[in-house]
Every structure is written in C-alpha cells, then in structure tokens.
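This report concerns only the one structure given below.
Rule-based calculations on the coordinates, nothing more; no lab input. Because the structure is predicted, anything quoted here is derived from the model rather than measured. Neighbour counts are summed over all protein chains in view; Cβ atoms, including those assigned to glycine, are modelled from backbone coordinates with ideal geometry.
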Amino acid sequence: MLRLPTVRLNVWISLLVAATVIVTLGVALWLFDATLRDTQAKAQAARVTDIAQVVASRRRVVNALQAKGDKRDYSTDSSLQREIDALRRRLGVDFIVVMNRRAIRLTHPDPARIGEHFRGGDEGPALQGEHYASRAEGTLGTSIRGFAPVRDASGEVIGAVSVGVTLDTLGARLADNRLRVVLGIALLMVLGTLGASWLARYIKRVLMGLEPHQITRLVEERQAILGSVHEGILAVDVAGRITLANTAAHALLDQAGLNTPTLGTSITEYLPQSRLPEVLQHGESALDQEVFINGQALLANRMPIRHHGQVIGAVATFRDKSEVRLLAEELTGVRRYAEALRAATHEFKNKLHVMLGLVQLEEYVALRRYLREVADHHVAPGAALVEGIGEPVLAGFLLGKQSEARERDITLTVDVEDAIPAPCDPAMIHTLVIVLGNLLENAFDAVDEQHERHVTLAMGVDADLLSLHVQDTGPGIPDAMREHVFASGTSSKGNQRGLGLAMVHEHVNAHDGTLALYSEPGRGTLIEVALPYPASSTTEK
C-alpha cells in the first residue's frame, strides 16, 4: 500500500493561513467590485439626470425646439448640434440627445442619426414632463440614461433631453478603479502569506520543532511514566498553582489524610509545608529533606523548573520515608554481611597459606602444632564469642566483625551478659545489624590510629529490653561536636561521612529505644543503646 508523505506542521499552518487570507480577500474583492459597480451606476444615473436638466433649461435648446416644432427635416451641421457635441465631449458623456415631442432627434453623436426616432422606448415619461434615469439599449449600445423635459415659457413640454453613458464606458472606468483595488488586494495577499509563514515558524519554535504526532507520543509517554513512577510528583507553576499530581502523589497524600489535589489550587493553601514557594522565590533546589504531613514522614526533593534561564515553576518528588528506611536497612545489612565475610575469607586464606607452606616443607610436627594453636586461639574463642546468642544471623555477624577486627589489628571483646534469644520480630535482626554495624565501625575507626586499639561490646536482655554498650579507647569526641554528633553529616572524617550515628539515632527512635553517649577527649567514647526486644515464643520454650 502506497503511503503518502507526512506534511509538516509548519507547512499545514502556512497553507491554511495563506488560503484563509487569499479566500477572504478574494470574497472581499468580489463584494467590493459588486458594490463599486452598483455605486458607480447610481452615481452616473444621478449625474446624467442632472446634466439632462441643465441642458433642458438652456435657452438655446428651448429656442431650437420652438423653431423646429414638429418638422421632420433637421440639418446635421446646425449650430445646436455643434454646441451640444462640444458640451458632450467636455462633460465626458457618450451622448446628449435633444428630441421634440415626437421623439425625433435634433442632436446625436452620430450625425447620421439626426432626424431619426429616439431608440430605447424609455423616453415617454420625459415627454410627459418627468425627469428620471433609466437603463436601455440604443444605437450606441446599452447605456444609463438621464431624462429631463424641455418646457417653453408657459411651462408646456415641447421636447426632452436625454444624456447617457454606455456600460462599455462605465466598465472602462470601473476597470481603472478595479486595477488599483486588485493591486492592493494582491499586496495584502502577499503580506498575508508572509505573515502565515512567520506564524508557522513561530509556532514551530514554541513547540520546540515537534510535529503533532510527536507531541501526541510524548504526552502518552509522559502519562505512562507518571503512572509507573513509584515516587509522588507534584508540580506548580510560577504563581504557585498546582499543575500536576501523579497517581503515586494522590495515594501518598490520601494516606496523610488530604483530599486529592485539584489542578489550579494554590499550593500554599493545599500543602503549606511543601516549601515550593521558597523554591520559586530563590530558584534553589532542596534535596533529601524530611517533611511531615499529618504525622506521616515523607522524604522530599524540590527543584525549580527553568526555561531560558527563568524559573517558570517547581516540582517536588516525595515518597514514604518508611520505605526508604526499609531499603536502607536491607542495603546496610547486606553491606555489613559482605564486610564480615570478606574479613573472614581474608583471614582464612592467610591460614591456608601457612598450612600449605608447612605441607610443602614437610614440617608435619609444626603443622600439627599450628593447627592446635588455631583451634585453641581462634576456633574456641569464636565459639565462646557467640555462646548465648540464639539468633544465628547475629552470631554470624559478630564472628565476621571479630575477623575484621583481627585483620585491622584491633582487639574486640564481646561480653554477652545474658542469653540473647531470637527476637519475635525478624525485622529486629536487620535493625541490630545496622545499629551494631555502625557503632562498631565508628569504634574501629576511632582506635585505628591509637596505640591502644581496644573495642568492647557488652550485650544483655532483661525484661524484654536489649541493652548494648560499645566502648572504645579512641581519642574521644570534642565538646563542640558532641552536642550534634547524632545529626546527619556530623563527622571529623571529611565529606560524605557522618551518616552512621545519624542512622543509629533514627533506628533507635523508630523502635522507641534510648540512646546515650559519654565521651571525654583523650579517654575514649561509650555509647549505650536500649531497645525493646520481645523474644520469640519458640525460643522461650
């Protein structure tokens, strides 16, 4: 099947506007021409009637009609013929005919017609004493004629005068006027076509060069993307009116107890805590900020929308912070597991290298002694380390951290004061991994450059309350930093740090626990954590 080429939008607009201009001006020209023709005809009718009255009142015409009476023989070179013919040329009419009461011509542009009966059949009322205009066909063709009676001194009608302009002459005059109008109309058409082309280019530029089918596809893709995005999206224009809210935004705002946002509503009235007006005013982004809406915590990003460097609106993306927290917990737990496994693997490889070397040297006595030392100093302490911990994930995690401590030449002491059963809520294990992982990581970093490299972890459960004590022999925390040490970004280790203690603080608060920090410069740091820890009923049995 033959596919017709697609016509571009600017071509369609140019053709449409140009055709509209041309058709409009063409109809206007036709109406103007008809009106001009009618106006000219009426103007000529009034003019020839006035001329006929003036000629009929001339004494020379009255005397000629009185002298000739009803005679049939008239001289073609009479003085009246010469005078009327000169007047005709001066006034620019086609004929001036003087006739007697029997409609016999005394004058005519064609001298051969003098003495003949007037032709047209419209002279009767004039011979009855009326003056008027009419249209009829005579010897010179169809013409517009003006009639006026000629009266003697007593007022009796003794003849009539007919003055006329043929339609051919009138058409020539109309043609002159029409030419000027047509030239003006043609100029307007050219200007209209150029304007249509400029308008098409302007619209094309406003639409960023996109064709209608491309715009349709973009709108469909936009709707699909907005519907599939898990984050809520809320956009406003430069006046702060809501212009967009996707499905996810409707769901999150509904969970917060708000009605579905109506497009055109002021964001200040609908959601005062959105802070989008500040983004509109200052044109600066605000990323990863916490927003509370009727008690529901959301994590929001706000950015200005710019066009040619000007802020024309703002957009906010937000999602439930509990989902972000859960994802962060999973990612952090996986990272902690990976670090522990890496340390254990590295330590195990070192032992294998020693064993392999002793075998190659056939030093079996030394190999036996080394294996006994490994069992005495590592396997047995490792087993003792996790003794009393009923949750295998937590036990494995602590074994991995001990391997990491040995790799970093740090002494890690784990003191399990009371047996720790498996928790009732499996999610608590992820929380413990995150809390302990961050506390131990900070403690390891604190003693990394100290002469005494010792970290102690004490754990115990009492009345469904888990207590954690992490103490290090590091340099301590300065007084100026201690006040806001749990705030995100607070760290003495450089940029992109200071997230560990903030995450610990957040998780402890999320589980209604308590967190305390004791530190003095030069005397190390102690952090105490208490978390509700309902034990699993299976474990209790």
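In region 109-150, which GluC sites (Glu not before Pro) are in a loop and have at most 13 other Cβ atoms within 10 Å, using DSSP for the loop call? Walk me through the numbers on the way to the answer.
Numbers: sites: 116, 123, 130, 137; in loops: 116, 123, 130.
Answer by residue number: 130.
Judged by the ratio a/c of the largest to the smallest principal axis of the C-alpha gyration tensor, region 108-161 counts as oblate, that ratio being 1.5 or greater while a/b is no larger than b/c.
Model label points for residue 183 and residue 221, set 7 angstrom from Cα along the Cα-to-Cβ axis, are 5.5 nm apart. The charge dipole of region 231-320, taken about its Cα centre with unit charges on the Cβ atoms of Lys, Arg (+1), Asp and Glu (-1) only, comes to about 200 debye.
Counting other beta carbons within 10 Å of each Cβ, put 42, 204 in order, fewest first.
On the way: 42 12, 204 17.
In increasing order of surrounding Cβ atoms, one gets 42, 204.
Taking 1 over the mean of 1/r across every pair of different Cα atoms in region 386-540, what Kirkwood radius in Å do you get?
Working: mean 1/r = 0.0627 Å⁻¹.
Averaging 1/r across every pair of different Cα atoms and inverting gives 16.0 Å.
Here region 386-540 is assigned +1 on the Cβ of each Lys and Arg and -1 on the Cβ of each Asp and Glu. Its dipole about the Cα centre then comes out at about 480 debye. One Cα centroid belongs to region 139-159, the other to region 412-446; the line between them spans 129 Å. Farthest towards the positive end of the charge dipole of region 386-540, among the residues 451, 504, 436, is the Cα of 451, using unit charges on the Cβ of Lys, Arg, Asp and Glu. Just name one of 25, 165, 84: the one whose Cα is farthest towards the positive end of the charge dipole of region 10-173 (beta-carbon charges, Lys/Arg +1, Asp/Glu -1). Value: 84. Cβ-to-Cβ counts within 10 Å put 472, 464, 33 in ascending order as 464, 33, 472, the fewest first. Sorted fewest first by neighbouring Cβ atoms within 10 angstrom, 428, 355 come out as 355, 428.
Here the extension length gained between residue 199 and residue 294 equals 29.1 nm, from 0.36 nm per residue of separation less the Cα-Cα distance. Rounded to the nearest 5, the antiparallel percentage of DSSP beta bridges internal to region 386-540 is 75%. Computed from label points 7 Å out along Cα-Cβ, the spacing between residue 265 and residue 483 is 4.1 nm.
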